[in-house]
Structures are given as C-alpha cells and as structure tokens.
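K.L.:
One structure follows; several queries about it will come next.
Just so it is clear, none of the values below were taken in a lab; they were calculated from the coordinates. If you're wondering where the values come from, they're calculated on a predicted model, not measured in any experiment. A quick note on method: Cβ atoms are made from the backbone with ideal geometry, for glycine too, and the neighbour counts reach across all protein chains shown.
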Amino acid sequence: MLTDENMNRRSFLGLGAATLGGVMIPALVTPASAATFKNGVISSGARRLSFRNAHTGDSFSGVYRVGDKYLPDAFEQINMVMRDFRTNTVYPIDPRVIDIIHTVHRMTGSTEPFEVISGYRSPKTNNMLRKTGSGVAKKSLHMEGRAVDLRLDGFSTKRIRDLAVSLKAGGVGYYSKSNFVHMDSGDVRAW
C-alpha cells in the first residue's frame, strides 16, 4: 500500500499509468535525461520543438517541456499533428520519443522544423502498409505512439541517423531510398 510517506516518483511510476492532460500514457514514461542519452546534450530548461506533418500540413512549434514537466496543452497539439492521417485517429505520443527528436534537432543546430512522415499509426493502417510495402514491422512501435519517421530540410538523413544513433536512446532506422529516419523510444538498436 502506498502512503504519502513512501509515494515517491519511482513508486508512482510503478502504478502502471500516469495522466497527461487527461490522456492515459504508459507509466514507463519518464523524462529522458542526459544520463540516458550519455552525452549531456539535454538542458534542464524549456524544451522547444518544431515539426510539420508532411501529409496534412499541420504543425507544432513551441515549448513542450519545462524541466521535468511535460506540458499537457503542448501534447494535445503534438498528438493531433502526429495522428494517423489515414484514419484520423489521435493517440498519445510517448514524451520520450519527443525528447529524442528534440535532442537530435538541437544537435543539428538547425532552426528548420522537422518534416514528420509518420507518427502514430493505427493497427489498421499498419496492417495496410505491411501488405502494400516493405519494412513495416508487424508490432511497430508506431502503433504505441513510440515512433516517429522524419527528415530535416538541409540535412542528409544519413547525418540525422548518425546523430540519433550516437544518443543510444532508442531505436534508429535509416531508410535512404525513402529519405527518412525512424526514431523510437524502444530498446537501443539500429538498422
């Protein structure tokens, strides 16, 4: 039984879920830290990010986190921009993947927004893409809101991939023929 005396951050996260703006998100979500990324790039201040959905033209530009606090209003917008545009399904995006792409963007030094190719993917969309193409995982982290496919104007996807891999913060996929990089908050791996 948890009491006020023993309710710390770790025990709260062990409860199974947390709420972000009224939307349930996995309890495993903790702010990505410099220790996680192993290179000290992330600061403790406000974190700003800009990206545009390549399919809908919707965009987000703003602060999404201050210190260890994610901003629910920002995530409502992020979730909408990264929705499955094929089914118009909005799903909560894992804040850790946003921390990862924020850090990669910061490492580029660019002021241009990321172009998002794919954020959340419904199981229906994921199955359709598996049948009509290649390179789509049956248990894709896109279906959990834990993956983003993107590119950045003025930067080669190879360079973005190299920066993301250097973080050792999640999965990184490089799709040179399709000109995008996949980043996710899953296990550290690269392909």
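K.L.:
When the C-alpha atoms of region 41-191 are aligned to their principal axes, what extent does each axis show, in angstrom, from largest down?
P.N.:
Result for region 41-191: principal-axis Cα extents of 44, 31, 27 Å.
K.L.:
Check each of the trypsin sites (Lys or Arg not before Pro) in region 117-165 and keep only those in coil by DSSP with at most 12 other C-beta atoms within 10 angstrom; list them in order.
P.N.:
Filter output for region 117-165: LYS138, LYS139.
K.L.:
Let me ask you something else. Note down the relative contact order for region 88-161 as a percent, whole number, built from C-alpha pairs under 8 angstrom at least six residues apart.
P.N.:
Relative contact order comes out at 40 percent.
K.L.:
Also, I was wondering about something else. In vacuo Debye scattering of region 84-163, one point per C-alpha: log10 I(q)/I(0) at q = 0.11, 0.21, 0.27 Å⁻¹?
P.N.:
-0.32, -1.00, -1.26
K.L.:
Another one. Relative to the present Cα-Cα distance, how much length would full extension add between TRP191 and GLN77 at 0.36 nm per residue of separation?
P.N.:
38.0 nm
K.L.:
Let me know the shape class of region 43-113, please: from the alpha-carbon gyration tensor, a ≥ b ≥ c as square roots of the eigenvalues, rounded when a/c is under 1.5, otherwise prolate if a/b is greater than b/c, or oblate.
P.N.:
oblate
K.L.:
Which far-off residues, 5 or more places away or on another chain, put their amide H under 5 Å from the one on SER185, with H placed in the peptide plane?
P.N.:
Residues meeting the criterion, in which the H sits 1.01 Å from N, are GLY171.
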